[in-house]
2 protein chains.
Amino acid sequence: MNNPSLELLFEFLRFPSVSTDPLRSQQVGACAEWLSSHFQSIGLSSAVYPTPGHPVVVARNAAKPGRPTVLIYGHYDVQPEDPVGGWSSAPFEPEVRDGILYARGSADNKGQIFAHVRGVATALAEHGDLPVNLIFLVEGEEEIGSPNLEAFLQEHREALRCDVIAVSDTGMVAPGVPTLTYGLRGIAAMEVWVKGPSVDLHSGIYGGAVQNPATVLARLLASLHAVDGSVAVDGFYTGVLPLQEWEREAWSRVPFGEKQIEASTGVAAVGGESGFTALERIWGRPTAEVNGIGGGFQGEGTKTIIPREAFAKLTFRLVPAQEPAAVLEAVERHLQSQCPPGVTLDVRHGHSGSPYINDPESAYGMAAQKALQRVLPGVGVALIREGGSIPIVNTFERVLGVETLLLGLALPNCRAHAPDENFPVANFEAGMALNQALLEEIASAYRQKAGA
Amino acid sequence: MNNPSLELLFEFLRFPSVSTDPLRSQQVGACAEWLSSHFQSIGLSSAVYPTPGHPVVVARNAAKPGRPTVLIYGHYDVQPEDPVGGWSSAPFEPEVRDGILYARGSADNKGQIFAHVRGVATALAEHGDLPVNLIFLVEGEEEIGSPNLEAFLQEHREALRCDVIAVSDTGMVAPGVPTLTYGLRGIAAMEVWVKGPSVDLHSGIYGGAVQNPATVLARLLASLHAVDGSVAVDGFYTGVLPLQEWEREAWSRVPFGEKQIEASTGVAAVGGESGFTALERIWGRPTAEVNGIGGGFQGEGTKTIIPREAFAKLTFRLVPAQEPAAVLEAVERHLQSQCPPGVTLDVRHGHSGSPYINDPESAYGMAAQKALQRVLPGVGVALIREGGSIPIVNTFERVLGVETLLLGLALPNCRAHAPDENFPVANFEAGMALNQALLEEIASAYRQKAGA
């Protein structure tokens, strides 16, 4: 191998920095120390900050007036490698096959954040300086929900003040298509328990005269949707921003849709809210999903009982500008109003995160588009949202008050969180170039703003 | 103890004849041998017939022309004693406290069948003969669904030919109330699986564009009932006999209803099909019950998936003259017609048994009523149906072509299948008297029929 940046990435990937595994907290810490040393070796000041959990690494160049401050966020922790048997090569022994790098963390997120690091290293080696004031914020708890990051941001708010944030933890809609993600769905979780008799009842002795909690639960869940696939809860859509014409037009050109969804999920036909395409349903419309349901007899064969209780685990994906707390309240009100006498309904609210959206044509949004176009010319930039949630982006907006640019280079088949996670070497190299182009374009946009 | 019949019952109860437990098959067999010897000791001919499972004991007196043949059915096997810790005295060491006999099998069914045996013993000792030709058929597999009894009946059909069958494996609606059960519900079982994507999907990445199998299942189950609590399946009620005025009137006088159901189940309010009382719903109306439901994430907290599949276990309690196979077909047709594109529905039909009804005012029905009234005077005979199913009663009707009289003496709180199963000594003694009265009344009815 004759690629020093790739060799360094291999070193980074060899740390089994699995944040969920208490037995590996030492390796997580060692990974943070390695990264911080590397930051210092390329000419940045850097420190490892302890938290109640895994440490945060913060690195920066010397700030100078007259240029913008850019914060690049990433994470050095990774998902567990389970199931180990599913891997074609050892998860923590990086291997390149046919130009594709295989390792846990290659796409999510070590490969992507390290492309930024090596882009900065290259720029510093060539020019001795960067076009911006730069802060790297690389945490070790993203895969466990960043439990300590908000407090860290609050505590270091002044030191982390910046003009814009860049995150490369998303993907490209298709190979070779430069992709800017300008929106994310939020989430709100709820668990519901329908409780009836004090014990499971004999369905012969009592059946017909006692409400069956599993039947009631089914009716409650069925009542969440209208025939047209929309959510039939009063107040659920409060605040939902209608899709703009330009968005629908832009998404219609994305080379990903019903056919690809059917192929990758194995369903015979997509479904969902009428009046919207599959991508519009995922990126631009809120949902009510049953993640788990249970109650009564679970074994083989038959047991003739009326179960004493039944539960469902629900999550709602939210779009701008729904409020998670308001959605949970509306759903609880709806369910309670549908619940018949003879059973009671316990509702437990779970975690939540707000949806996110920024303007892809803001000054920095346009800088991101230009940078993507420079590195991946030939195909126009795909402006997309994603259906998932990255709660930290909302925290940045709330605590630091700035927008986040989401420019990821992972491919749809990167297998994040699964065996054989991978990232093309070419995308790693494109990421280094993207970092340099992005910082230049942001500096240029800042100058234009200042001049205007 | 100065009661030889009770002492003998103690011997019978001490056998742990748990038919579900392969480690106890020897004790089950020993119990059959003991019973057969006892039959011989009281003057009947008796034999133990092996089956592929546990043996059947058949005993009889010498048949004489000019009198009816009565078959008394019962079972000598018992439920497991689990949970052992719930018992106040050892389950297989019978104990009388305050006039109540506690032991596994005391009510279900050793105490009740043995009351018949001792009634016969008493009559034989006093009169040297019985008023009828008598066959005792006592099996050892009732608690595991009588898997070998139908074949036994077919094989010994000629030898078991009879005019009427009596079974004491039911209960009294309240202490002191003579009770004749003239109907039982049937049952039909079904398992349904809604299958969608080939794997659990990320609910952010795909949620909104893919049918959620748990949601579809909920809608399917919700579609089984109308708002008024009736079953909303085309053809479900085909053949249902409307409740007769005399039945509704008789049941309205039974000292058991909504208050007792609420107290014994712990529900705040009964529910069910409108237009019917709680007893009418249980005894006279068919149901669609969810016995179990499951799918997706079952653990603590949240997992944001669209489950690949979800299932429900259903049973339908049927009333005369619904056909189990026709009901299952109607329900399957209904569910398939409701199932949207993007998921498939697997339906598996389970076991079934027909409902049963006989005329409590038939010649032998009246004989049973008179016998009950003789033994428990002062309160009128309660004519009831039961909501549960005793499939063997249908088999008798089909194979032997005669009606079954269900006259049980267990009390509502007899705790059959549970710890501290019990049977009042007074009810055991009433059962002995009931046997003698029943055989006399049946003989008298037979003579009247013959004379008419």
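Which order do the peptides A:73-83, B:358-368 take when ranked by the mean count of other beta-carbon atoms within 10 Å per residue, highest first? Don't skip to the answer; put the middle values down first.
Details: A:73-83: 21.6, B:358-368: 19.8.
Going from most to least packed, we get A:73-83, B:358-368.
Compute the projected area of the convex hull of the Cα atoms of segment A:129-282, averaged over all viewing directions, and report it in nm² to one decimal place.
Working: hull surface 69.0 nm².
Taking the Cα atoms of segment A:129-282, their convex hull projects to 17.2 nm² on average.
From other protein chains only, count the Cβ atoms within 10 Å of every residue's Cβ in B:339-345, then give the mean. Could you put the intermediate results ahead of the total?
Values: counts 0, 3, 5, 8, 4, 2, 0.
Counting other chains' Cβ atoms within 10 Å and averaging over B:339-345 gives 3.
For the protein assembly as shown, compute Rg over Rh where Rg is the Cα radius of gyration and Rh is the Kirkwood radius from the inverse mean 1/r over Cα pairs.
On the way: Rg = 37.1 Å, Rh = 32.2 Å.
Expressed as Rg/Rh, it is 1.15.
Can you compute the FRET efficiency between residue B:413 and residue B:159 using 1/(1 + (r/R0)^6), with r the Cβ-Cβ distance and R0 = 45 Å? Round to the nearest 0.05. So the FRET efficiency works out to roughly 0.70. When each full DSSP H helix of chain A is screened for a Cα extent of at least 18 Å along its own axis and an average Kyte-Doolittle hydropathy of at least -1.0, the helices passing are A:25-41, A:110-127, A:324-338, A:363-375, A:425-451.
How many Cβ atoms of partner chains, on average, are near each residue of B:317-325 if near means within 10 Å of its Cβ? Please list the in-between numbers first.
Numbers: counts 5, 0, 1, 0, 0, 0, 0, 0, 0.
Shielding by partners across B:317-325 averages 1.
Amide hydrogen proximity for residue B:351: with H placed 1.01 Å from N in the peptide plane, the residues at 5 or more positions away or on another chain lying under 5 Å are B:189. The residue A:41 and residue A:379 beta-carbon pair, evaluated with R₀ = 30 Å, returns a calculated FRET efficiency of approximately 0.25.
For residue A:175, the distances from its label point to the matching points in the remaining copies are 8.2 nm, ordered from shortest, with each point set 7 Å beyond Cα toward Cβ.
Once Rh is set to the Kirkwood radius over Cα pairs, what Stokes-Einstein translational diffusion coefficient, in µm²/s, holds for segment A:311-421 at a temperature of 10 °C and a viscosity of 1.306 mPa s?
Working: Rh = 17.7 Å.
This corresponds to a translational diffusion coefficient of 90 µm²/s.
Just to be sure I understand: of the beta bridges DSSP finds with both ends in chain B, what percent are antiparallel, rounded to 5?
Working: 47 of 69 bridges.
That works out to approximately 70 percent antiparallel.
Based solely on its DSSP helices, what 222 nm [θ] is calculated for the protein assembly as shown when runs of n ≥ 4 H residues each add -39,500 (n - 2.57) and the sum is averaged over all residues, nearest 500 deg cm²/dmol?
Values: 24 runs with 302 residues, N = 904.
One gets -10500 deg cm²/dmol as the mean residue ellipticity at 222 nm.
Annotation: lysines with alpha-carbon distance below 20 angstrom to residue B:303 (same-chain offsets under eight excluded): A:313, B:195.
Averaged over the residues of peptide A:295-304, the number of Cβ atoms from other protein chains lying within 10 Å of each residue's Cβ is 6.
Work out how much length residue B:84 to residue B:300 would gain on full extension: take 0.36 nm times their residue separation and subtract the Cα-Cα distance, in nm to one decimal. Each step should come with its number before you reach the end.
On the way: separation 216, 0.36 × 216 = 77.76 nm, distance 3.07 nm.
74.7 nm is the gain from fully extending residue B:84 to residue B:300.
Nearest-5 percent of antiparallel DSSP beta bridges in segment B:51-194? The antiparallel proportion sits near 40 percent. Ranking A:384, A:367, A:336 by how far each Cα lies toward the positive end of the dipole of segment A:318-452 (charges on Cβ) leaves A:367 at the top. A cut-off of 5 Å between modelled amide H atoms, ignoring neighbours fewer than 5 places along the same chain, links residue A:201 with A:306, A:308.
Just round it to a whole percent: the fraction of Cα-Cα distances in segment B:80-173 exceeding 22 Å. Could the numbers behind the result be given before it?
Values: 2071 of 4371 pairs.
The proportion of pairs with Cα distances above 22 Å equals 47 percent.
Taking square-rooted eigenvalues a ≥ b ≥ c of the alpha carbon gyration tensor, is segment B:15-164 rounded, prolate or oblate, where a/c under 1.5 means rounded and, failing that, a/b exceeding b/c means prolate? Oblate shape, in that a/c is at least 1.5 and b/c is the bigger or equal ratio. Note on segment A:234-356: Rg/Rh from Cα positions, Kirkwood definition for Rh, rounded to two decimals, is 1.05.
Note on residue B:398 and residue A:199: their simple-model spin labels are 3.2 nm apart, each label 7 Å out from Cα toward Cβ. In the assembly of identical copies, residue A:156 has its label point, taken 7 Å from Cα in the direction of the beta carbon, separated from the corresponding points by 8.6 nm (ascending, one decimal).
A convex hull fitted to the Cα coordinates of segment A:1-104 yields 131 cubic angstrom per residue. Mind checking the log10 I(q)/I(0) for chain A at q = 0.08, 0.10, 0.13 Å⁻¹? Debye, one equal scatterer per Cα, no solvent, two decimals. After summing over all Cα pairs, the log10 values are -0.53, -0.79, -1.21. For a test of the definition: using alpha carbon positions, the gyration tensor, and the 1.5 limit on a/c, classify segment B:393-444 as rounded, prolate or oblate. Verdict is oblate for segment B:393-444.
Listed by chain and number, the lysines whose alpha-carbon sits under 20 Å from that of residue B:449, ignoring those within fewer than 8 places in the same chain, are B:64, B:370. Antiparallel beta bridges, as assigned by DSSP with both residues in the protein assembly as shown, represent about 70 percent of the total such bridges.
Take residue B:80, move 7 Å from Cα toward the beta carbon, and the resulting point lies 3.1 nm from the same point in each other copy, nearest first.
Each reported figure results from applying straightforward, stated rules to the coordinates on display, with no laboratory input. These numbers come from a predicted model, not from an experiment. Glycine gets a Cβ as well: all are built from the backbone with ideal geometry, and neighbour counts include every protein chain shown.
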